[in-house]
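In what follows, a structure is listed as structure tokens, so that the remarks can point back to it.
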Amino acid sequence: MNKTITPQPGILDIALYQGGESHVAGVAEVVKLSSNENPFGPGEKAREAFAKTVHKLHRYPPTDHATLRRAIAETHGLDFDRIICGAGSDEIITFLCQAYAGADDEVIHTEHGFLMYRISALAAGATPVEVPERERVVDVDAILAACSAKTRLVFIANPANPTGTMIGGNEVARLADGLPPQAILVLDGAYADYVEGFDGGAALVDRRENVVMTRTFSKLYGLGGLRIGWGYGPKEIIDVLNRVRGPFNLSTTQLETAEAAVRDRDYANKCRAENARMRVWLAEALAELGIPSDTSCANFILARFHDQAEAEACDAHLKSQGLIVRRATGYKLPNCLRITIGDESSCRQVAHAIAAFKEAKG
Ligand SMILES: *Cc1c(COP(=O)(O)O)cnc(C)c1O
């Protein structure tokens, strides 16, 4: 072991991110409900735009992302100048930590919060600070109590992953109001597209100087494999993030596919409605089996079992049927399974398999 060549402090504290599984040994056809992907994939218009970019692959992409930013601005009614695009919202989260948090700085995330916040904070040399939630809901008072002169970033997802719960606009505004002056509130809106009529916090971003929103094409738009996300914030902050952003961080294929996807409102609305319909159906089917879940605002539900042993046994049973869901132990919810809302047939299969599991247990 070479003791002279060492990484920056904090890097070796990062546990490798575990993606949702996608294979089961011995099962050829699996149903993957472990990564909150859109079961229908991208819409026809996005697919066509993707295919067309093959003719441009020898050209460097634009560095200012102007066409995609304009499409996002027009669709969501936002200020074009204050949008930044990245390789997934993960990259925007990385930029925020890189630009605003370093040694001796603290980055707040919540008890069951998305694991990337902690990873990005550690990668930047900062100290992640975990704050408790209240019954799987972000607790604004607990976050405010954890703030200090060292707090530089506060990350919450709204709706949250893996709980699916949300806090209201007044609570988010109270959090932004109460932060110390040097801290930025980051509203991760990866699942905001699933909430009809919800702006993800964009209006709050417009009203304040300390709020940034992140969004993604990975969930509702069915483009997780392509890696496209964006952020919206005050001009000064977006300007800072653009300085750390690589000039060619997004390919022409990413940019043009995302543009077609965001302009295709019919497809987005159809996917949102279908998700809501099957989410209610699955939550009710599980509730009838004695498996509760919080009302989810996203494209998954978090099924709560009696204990860790039951959750593990059910997960093993589902796997044996080729159904892959997500254990939530890494999110400090060992008695839960997070189940992505698939298409109708997948939802029926998973409900059927859980019913058989419950019956076998007696
Ligand atoms: C899926 C997800 C994202 C999206 O990440 P991308 O890098 O855009 O694919 C961001 N935040 C949360 C909480 C998520 O669950």
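The values are calculated or read from the model by the stated rules, or taken from the named source; none is laboratory data. Please read all numbers here as calculations on a predicted model, not as lab measurements. Please note: Cβ atoms are built from the backbone with ideal geometry, for glycine as well, and neighbour counts cover all protein chains shown.
Given the conditions (1) part of a helix (DSSP H, G or I); (2) under 18 Å from the mean Cα position of the chain (by Cα); (3) crowded, with 18+ Cβ neighbours inside 10 Å, which single one is not true for residue 226?
With respect to (1) part of a helix (DSSP H, G or I); (2) under 18 Å from the mean Cα position of the chain (by Cα); (3) crowded, with 18+ Cβ neighbours inside 10 Å, residue 226 is out only on (1).
Residues to consider are 329, 257; find the one that is in contact (Cβ under 8 Å) with a residue 12 or more places away in the chain and outside the structural domain of residue 138 (by TED's automatic domain parsing).
Details: 257 fails: outside the structural domain of residue 138 (by TED's automatic domain parsing).
Result: 329 is the single residue among 329, 257 that is in contact (Cβ under 8 Å) with a residue 12 or more places away in the chain and outside the structural domain of residue 138 (by TED's automatic domain parsing).
Would you point out the residue of segment 58-87, among those that are aliphatic (A, V, I, L, M) and out of contact with any helix residue (DSSP H, G or I) (no Cβ under 7 Å at 6 or more places or on another chain), that is nearest to the ligand (Cβ to nearest atom)? Step through it out loud before you land on a result.
Applying the first criterion (aliphatic (A, V, I, L, M)) to segment 58-87 yields 66, 68, 71-73, 78, 83-84, 87.
Those still in the list that are out of contact with any helix residue (DSSP H, G or I) (no Cβ under 7 Å at 6 or more places or on another chain) too: 66, 87.
On the way: 66: 21, 87: 7 Å.
Applying the filter and picking the extreme gives 87.
Quick one: which residue in 91, 37, 48 is at pLDDT 95 or above, in a loop (DSSP other than H, G, I, E, B) and closer than 17 Å to residue 223 by Cα?
Values: 91 fails: in a loop (DSSP other than H, G, I, E, B); 48 fails: in a loop (DSSP other than H, G, I, E, B).
When all the criteria are applied, what remains is 37.
Is it the case that residue 108 is assigned by TED's automatic domain parsing to the domain that holds residue 219, within 14 Å of the ligand (Cβ to nearest atom) and not hydroxyl-bearing (Ser, Thr, Tyr)?
The answer is no for residue 108.
For every residue, the table says whether it meets (1) under 18 Å from the mean Cα position of the chain (by Cα); (2) hydrophobic (A, V, I, L, M, F, W, C); (3) buried (at least 19 other Cβ atoms within 10 Å of the Cβ).
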{"site": "103", "(1), (2), (3)": "no, yes, no"}
{"site": "111", "(1), (2), (3)": "yes, no, no"}
{"site": "119", "(1), (2), (3)": "yes, yes, yes"}
{"site": "125", "(1), (2), (3)": "no, no, no"}
{"site": "172", "(1), (2), (3)": "yes, yes, yes"}
{"site": "182", "(1), (2), (3)": "no, no, no"}
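Residue 184: of a type in the set (Val, Ile, Thr) and within 16 Å of the ligand (Cβ to nearest atom), yes or no? Step through it out loud before you land on a result.
Details: of a type in the set (Val, Ile, Thr): yes; within 16 Å of the ligand (Cβ to nearest atom): no.
Considered against the rule, which asks whether it is of a type in the set (Val, Ile, Thr) and within 16 Å of the ligand (Cβ to nearest atom), residue 184 comes out as no.
Has segment 237-251 got at least one residue that is at pLDDT 95 or above, of a type in the set (Ser, Thr, Tyr) and either farther than 30 Å from residue 33 by Cβ or near the ligand (Cβ under 9 Å from one of its atoms) (or both)?
Checked segment 237-251: no residue is at pLDDT 95 or above, of a type in the set (Ser, Thr, Tyr) and either farther than 30 Å from residue 33 by Cβ or near the ligand (Cβ under 9 Å from one of its atoms) (or both).
Between a residue in segment 180-192 that is in contact (Cβ under 8 Å) with a residue 40 or more places away in the chain and part of a strand (DSSP E or B) and any residue that is near the ligand (Cβ under 10 Å from one of its atoms) and among the aliphatic types (A, V, I, L, M), which pairs come within a Cβ distance under 8 Å, given they are 6 or more apart or on different chains?
Every condition considered, the pairs that remain are 186/93; 186/156; 188/93; 188/156; 188/157.
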